[in-house]
């Protein structure tokens, strides 16, 4: 093989390597997750916090108009019900600017065979999606 052919192959190999590196950097996860994945995550966290009875953290997943004014000191009659809910899925997410709707599919640990659905509204507040 002649010298020009070897250089051409090396140049081609170097270009392929640079292209692969550029693609890896571009796909490295440094871009912001989609609104849909952020919404699914905040809804999931909300259910996790309810199961743990971490009401302060539940507040952090809700819009400012739904947050408690002061830390909870007394149990609510609904605490047991809320703590028993488990998320099975978030579906039909529709984003419209800084607001969105989604359907939750969830069940109670008291009767896991009875699946429930709820339509929820979310807004983007201070750069983060929250349940409203």
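Entry remark, the range 57-72: residues being at pLDDT below 90 and surrounded by 12 or more Cβ atoms within 10 Å (Cβ to Cβ) number 3 in total. When the range 118-132 is filtered for residues that are touching a strand residue (DSSP E or B) at 6+ places or on another chain (Cβ under 7 Å), part of a strand (DSSP E or B) and touching a residue at least 60 places away in the same chain (Cβ under 8 Å), the ones remaining, listed by number, are 120, 122, 123, 129, 130, 131. Out of the range 98-117, which residues are outside any strand (DSSP E or B) and over 23 Å from residue 79 (Cβ atoms)? Residue satisfying the conditions is 98 alone. Going through (1) more than 16 Å from the chain's Cα centre (by Cα); (2) modelled with pLDDT of 90 or more; (3) within 27 Å of residue 96 (Cα to Cα) one by one, residue 39 falls short only on (1).
The values are calculated or read from the model by the stated rules, or taken from the named source; none is laboratory data. Just so you know, these numbers come straight off a predicted model, no measurement behind them. When we count neighbours, we look across all protein chains shown, and the Cβ atoms used for this are built from the backbone with ideal geometry, even at glycine.
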